[in-house]
1. Classify region 232-349 as rounded, prolate or oblate from the Cα gyration tensor: take a ≥ b ≥ c as the square roots of its eigenvalues, call it rounded if a/c is under 1.5, otherwise prolate when a/b beats b/c and oblate if not.
2. Calculate, in nm to one decimal, what R189 and R50 gain on full extension: separation in residues at 0.36 nm each, minus their alpha carbon distance.
3. Note down the nm distance, to one decimal, between modelled labels 7 Å out along Cα→Cβ at S404 and at Q597.
4. Using the 10 angstrom Cβ neighbour count as an exposure proxy, how do K386, K263 rank, fewest first?
5. Given the C-alpha centroids of region 437-451 and region 179-197, what is the distance between them in whole angstrom?
6. What does the charge add up to near G313, with Lys and Arg as +1, Asp and Glu as -1, over the other residues with Cβ less than 14 Å from its Cβ?
7. Considering amide H positions built from the backbone, and no H for Pro or chain starts, which residues 5 or more places from A368, or on another chain, come under 5 Å of its amide H?
8. Taking the number of other C-beta atoms within 10 Å as the exposure measure, put M590, M517 in order starting with the fewest.
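Every number in this text was worked out from the coordinates using simple rules, so none of it is lab data. Model, not experiment: these values are computed from the prediction. Note: ideal-geometry Cβ built from the backbone for every residue, glycine included; neighbour counts use all protein chains shown.
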Amino acid sequence: MKHYFASAISILMSGASLASAATAAPQPLPVAAFARWPGLSLPTLSPDGRHVAGLIDEGKDRPRAIAVWRTARLDAPPTIIRTKSLRFRDVEFLKDDRLLVTTYAPFTQGPTRTYITKTFLTDLAGARFDEVFRRGGASRSDLEDFEEISSSTVVASRLPLNPDEVLLQRTSVSTGFAELIRLNVRTGRTQRVARASSEESFDLFDPKSGEPLVKTRFDSRDAVYSVRTYVRQGSEWREHPKLSYTLKDRLTINIEGLDQSGKLIVATDRDRDTVVVQAYDVSTSEFDPNPLLESDRGGVFAVLLSRSPTDYGRLLGAHVHAEAIEQVWTDPGLREVARTLSDALPARVIRILDTTPDRARVLLSASASHAPAIYYLLTDQKVLTKLGEQRPDINPASLSPARSVTYTARDGLEVPAFVYAPKGWTRASGPLPTIVLPHGGPWSRDYLDWDDTGWPQFLASRGYAVLLPQFRGSRGWGQKLWKAGDREWGRKMQDDKDDGAAWLVSQGVADPKRIAMFGYSYGGYAAAVAAIRNGGPYRCAIAGAGVTDLSRLNLSIFGNDRIARQVQGVTIAGLDPFLQADKVSIPILMFHGDRDQRVPIFHSRDYYARARAAGKAVKIVEIPDMEHSSFEPEHVATMLPLIENFLKNDCGDGGL
C-alpha cells in the first residue's frame, strides 16, 4: 500500500498546478475578480461516481448554469444545463441520474421585498424541470402562492438503500410545521411520511423506507425550556434523558447515525468543552465510555458516515473546528487518500467532499487563506484532474497567507484571531492602516482558509492590515469563549475587538492613528457601536446590514421561532446603538440590501435618521434587490467600491 501511494504522488503532482511559480508583484485585487459568479461552485458527485455536477459562471452578465461532467471522460466538454426563466442557487445529486435544483426569484408583496425559492427535479441533460411540490388549483391567493413557493425544502436523506426514492423535508415559512416527503425521482410521485409541529424535528431516518427513527421535541414545562430526545423502539417512541438537555446549558447533542450494531452515533460536548463523537447504546441508555473520535485540533461539527450498502452507517471521520476546517479520518483508506492529497497539493487545506464506496472517484477541494478553492476529481487513486476554480481571476502568488494569533483581552480572556497583511510586508516596513473585521452571527467564527466574501484579501491587497477577532460569543472555539459573550453585546464583546486593535499596535502592525472597523450583520452591529463608544481606537466605521435596534431584534430576527428566542435570544443584551445614534463621533458608512429579511433594512434606516438629525457624519446606501447573505455580482460591484472609496476618502480627514 505504501509503495502504491508513493508512486501515485508523482502522478498527482504532475497533473495538479496550483499557481504560477513566479512571485507576482503586489497589486490591488480588481473588483471584477469578485463581481462575478464563482467559476465553479457546489460540485456534487453522483452516488455511482459516473458524473460530477456543479454551478458554473458563463460570464457576460449571464446567470449561472449547471455543468455535468462524465467522470470517465473529463477531457470532454461537460453538458451545460441552462434555462431562460430559472436562476439556479443550488444543485445536488439525489440518485445516479437525478439532480435536485434550487432556484430563486425576487418576490414583492406590499412592503415585503424578499426572494423565494423553488425546488425542481431534472435529469443529467436538463431536458425538463419538474417542480417538486407544485400543487394545482385554479384559484389561488397571492398569500397562498407565497406560502407554497417560499417554504424551504432540504434533502433529509438520500435513502441510499432505496434505488428510486429520497426523503425531503419541507418547512412552512409561516407556521414552522415540517413535512417529511418521500419522493420517487423516476415518477415524481410524493408521499408524506410524517409531519412535525414547529416544536418537533426528526433527526434520523431508516435508509430505505425513510421512516423517522429519532425525533426531538421542544418542551417548556415548568418554565424550564428543554429539548427532549425520543428513539423509536418497535412501534413506540421512548425518551432518552441522556440525549436530552435544557436550552440554557446549550449542549450539542446531534444524532448523526445508526451503526450496524444498533448503536447511535452522537456528536456531543456533554461533560466536555468541545464536541466529540460517541456511541450511544439504546438498549442500556448509556454512552460508551471512550469516544469513537476526538481531536486535539478542535471540536467536531460534522460527522462523516458510509453510505455504502455493505457498511452503511460506519463512521469514516469528521470535520473539526481547527484553525481551518479540517477533516479527521477514522477510516484507514480515506486517511491514506487524504495524506496522499496533502503531499500532492502542499500548503493547501484539502477537503474530501464526496467519494464512491470503493474510493475509485474522490471529489475534493484545495484552498488556503490566500488561495480560493480549486476543485479536483481523483480517479483510481492515481489521476488528479482539475474541474474548475472558485475565483479563477485571483492568483494566490500575489497574496500573503493569513496567520493565526492569540491576544489577551483586558479581563484576561485569551482571544484567537487571524491577521492579514499586504504581500511582502514586514514589521521593518512600518505600521499599516488597519481594518478590524468582526464576523457575523455572532455565533459563528472565521477560519484560516479562503474567506468566501473575499473582503480580507481585497483589503490587504490595498495596503491594509486586517484583523479577524474571534471575540467572546464566537462559536467553534469551545464553551468558555462562546458563553463568555452572553448579554455582553457592545460591552465585553466590543472590548475584545478594541483590545485586538491595541494588540496589533503593540506588535508594530497597526498605525494607532489609522484604524477602522468594518463588519456585516452582527459585524455591522459592532461597527455601529464602534461609532458611538467613547475612547475607541477607530477613525471611521462601515456597517453592512447591521443590527442596530436591540429592542426589536427578537421580533425581526427570530420571528415566530420560540426555540431560537430561548436558545440565542435570551443571550442578547447590552448596548443598543439606535438609542445612542445621536452620539456618533466618527464618520460611518451604512449599506443594506432592500430585500434583506434576515436583518430588515429598518435597522440601518432608523440609525441613520437619528444620527443624521443630530448632524453626524453618517452615510447610507441602499442596494437594490440585495438580500442578506446571497450576493449577486452586481451587488458585489456596488459594495466593494463603496468600501474602498469610503476608507480612502471619507475615513476622517484625508482618509485612512
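1. Numbers: a/c = 2.86, a/b = 1.52, b/c = 1.89.
Since a/c reaches 1.5 but b/c is at least a/b, the shape of region 232-349 is classed as oblate.
2. Values: separation 139, 0.36 × 139 = 50.04 nm, distance 2.55 nm.
Fully extending the segment from R189 to R50 adds 47.5 nm.
3. Here the modelled spin labels are 3.8 nm apart.
4. With the sparsest Cβ surroundings first, the list reads K386, K263.
5. If you average the Cα positions of each part, the centres end up 36 Å apart.
6. Residues near G313 contribute 0 overall.
7. V349, W450
8. Ordered from fewest to most neighbouring Cβ atoms within 10 Å, M590, M517 come out as M590, M517.
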